[in-house]
Each structure stands twice: as C-alpha cells, then as structure tokens.
Amino acid sequence: MPPPRPTPFSAAAPAGQKPLLMVDIDGVISLFGFAATRPPAGAFESIDGIVHFISADAGRYLLALADDFELVWCSGWEEKANEYLPHLLGLPGPYPFLAFVRSPGRTRAHWKLEAIDAFAGGRPLAWVDDAFNAACEQWAQTRPAPTLLVRTDPAEGLTAPAVQTLRRWSERLASSP
C-alpha cells in the first residue's frame, strides 16, 4: 500500500520558517539527454510503467537541503512523487506537492507559476527546474518575496554546485533582518 497522500494546500508561513524549495523532478532527479556511453551515476526505474533514470546523488542532496528549506514537489508528477521518490531516494517524505491547471491560458507563460504563487503566498522560495522560460525569470525578479531560480541540465540534474548555491542563498536569508 502506498504511503498516505498529502493534499496540495496554500499557506502563509509564520516568521522564522524555512524558505520553500520547489523541486521539479524531470531533469532534476529523473535525468535524460545524457550520452548512452557515459551515463551519470544512477539507475533506471519503472514508475507507473515509464522508465526513468533516477540520479544517484539527488536523494543525498535533497536531504542536505532539507536542513535549510521546506521541500515541495513542483512537478507534473503531482501526488505520484510521494508514491515513488521518498523510497527511491532515501527521503523521509511524504512532502507537500503542487497540483496544476493543465491549460493555464495565454495570461500565464509558464504552467507552474499560478500553483507556486497559490502555495507559497509571500514566503521566500527557491525553485530548481530544467525548463525555466522568460516568464519565470520575470516572475522571480518581480515577486515581492525573495526568490531564487536554479536551472539544471537535464543530463546532470541536481549537482553539488547547485546545492552550494541554494545553501548560500538560504544562509543569506537567515542572516538578513
């Protein structure tokens, strides 16, 4: 039996709460586009009948980031992330996840922004994804709360330098008044 499923929700954080870390899966944890002759560390896993190459390092990196952030699945996997990833990555989970409107229309240039705004409210957040566009960059620059976008290469996923960038950003937030 799969673990219980948390439901998506929106909440404003009390003062002193950790910033959010919005974690995409495809291109961050589930890797693709790498040379077949030189795959990164990881393993192929069947998830709902679809084969994914899961990074060997992602679990360790996310555990390290959980000290500084509240992790949130920010992926089209939605609740499926909790059914598979905590076990595969050695994470305590389940984690909150975002549910998305599949046709955001012409007013939103990226399909995840509305759900992120609804969940995060005014909380600081970092977002790790391989598919940012200009709308994401503009949104991050104009968002009232501190916001960091960390782009991954889908053939490498979450890396040690990206983790260092995220931790330094979180430390700066924690030390600012």
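Inspect all residues belonging to the stretch 71-80 and state whether any of them is among the aromatic types (Phe, Trp, Tyr), touching a Phe, Trp or Tyr at 6+ places or on another chain (Cβ under 8 Å), farther than 20 Å from GLY42 by Cβ and touching a residue at least 12 places away in the same chain (Cβ under 8 Å). Scanning the stretch 71-80 turns up no residue that is among the aromatic types (Phe, Trp, Tyr), touching a Phe, Trp or Tyr at 6+ places or on another chain (Cβ under 8 Å), farther than 20 Å from GLY42 by Cβ and touching a residue at least 12 places away in the same chain (Cβ under 8 Å).
Count of the stretch 120-152 residues, restricted to those that are free of Cβ contacts under 8 Å to residues at least 40 places away in the same chain and part of a loop (DSSP other than H, G, I, E, B), is 5. The residue that is farthest from ALA120 (Cα to Cα), counting only those in the stretch 48-93 that are in contact with a helix residue (DSSP H, G or I) (Cβ under 9 Å, 6 or more places away or on another chain) and of a type in the set (Val, Ile, Thr), is ILE54. Residues of the stretch 17-42 that are touching a Leu at 6+ places or on another chain (Cβ under 8 Å) and among the β-branched types (Val, Ile, Thr): VAL23, ILE25, VAL28, ILE29.
Only residues that are among the hydroxyl-bearing types (Ser, Thr, Tyr) and closer than 16 Å to ILE25 by Cβ were counted across the stretch 148-177, and they come to 2.
Of all residues in the stretch 101-112, exactly one satisfies the criterion of being buried (at least 18 other Cβ atoms within 10 Å of the Cβ) and either modelled with pLDDT of 95 or more or over 14 Å from the mean Cα position of the chain (by Cα) (or both), namely HIS110. In the stretch 24-94, counting only strands (runs of 3 or more DSSP E) that sit wholly within it, the ones holding 2 or more residues that are of a type outside the set (S, T, N, Q) and under 12 Å from the mean Cα position of the chain (by Cα) span 70-73. Restricting the first residue to the stretch 86-97 and requiring it to be without any contact (Cβ under 8 Å) to a residue 60 or more places away in the chain and on the phi < 0 side of the Ramachandran plot, which pairs with a second residue that is in a loop (DSSP other than H, G, I, E, B) and not small (Gly, Ala, Ser) meet a Cβ separation below 9 Å and a spacing of at least six or different chains? If the second residue must be in a loop (DSSP other than H, G, I, E, B) and not small (Gly, Ala, Ser), the pairs left are HIS87/PRO3; LEU88/ILE29.
The values are calculated or read from the model by the stated rules, or taken from the named source; none is laboratory data. Keep in mind that this is a model prediction, so the values were computed, not measured. Here Cβ is always computed from backbone atoms with ideal geometry, including for glycine, and neighbour counts include all displayed protein chains.
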